[in-house]
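K.L.:
The structure's right below; bear with me while I get my questions together.
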Amino acid sequence: RAVLVSGLTVMTAMAGMFLMGSRTFASFGVGTVLVVAIAIVGSLSVLPAVLSKLGDRVDRGRIPFLHPRGLGDWNWYLPRWLQWLPRMSREAAAVAEPAPLPEAERRVPTAV
């Protein structure tokens, strides 16, 4: 029921793009509404059928390279992340620091 209500809410919100009067916004609106409608149909029909077919085996499947030492074991991942994060932060700062900001020099016109 929550999937249906939230999906209809998103569809209603995206239908507001039709009020803009632009063909581009109308196209985005049609695409978004169709994607959400297909997601609702899949969530209310296909997903429960697949889950009931799997039964207790639903938790068996796992991606081998994602969790090589068992589910929930962060001991292999956390040290790598903590080594990678400061290095990437320094590299991103080194690249972004000398970049010019042309938007900062623009003046916003004001109505007189």
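What follows draws every value from the coordinates through simple rules; no lab data is involved. If you're wondering where the values come from, they're calculated on a predicted model, not measured in any experiment. All Cβ positions, glycine included, derive from the backbone under ideal geometry; neighbour counts span all protein chains shown.
K.L.:
Compare the peptides 20-31, 45-56 by average per-residue count of other Cβ atoms within 10 angstrom and give them in order, highest first.
P.N.:
20-31, 45-56
K.L.:
Order these peptides, 32-42, 1-11, by their mean beta-carbon neighbour count within 10 angstrom, highest first.
P.N.:
Final packing ranking: 32-42, 1-11.
K.L.:
Which length gain, in nm to one decimal place, applies between Ala92 and Thr12 when the Cα-Cα distance is subtracted from 0.36 nm times their residue separation?
P.N.:
Gain on stretching Ala92 to Thr12: 24.8 nm.
K.L.:
What ³J(HN,Hα) values, in whole Hz, does the Karplus curve 6.51 cos²θ - 1.76 cosθ + 1.60 give for region 49-57 when θ = phi - 60°, with x put for Gly and Pro?
P.N.:
After applying 6.51 cos²θ - 1.76 cosθ + 1.60, I find 5, 5, 5, 5, 5, 6, x, 6, 7 Hz.
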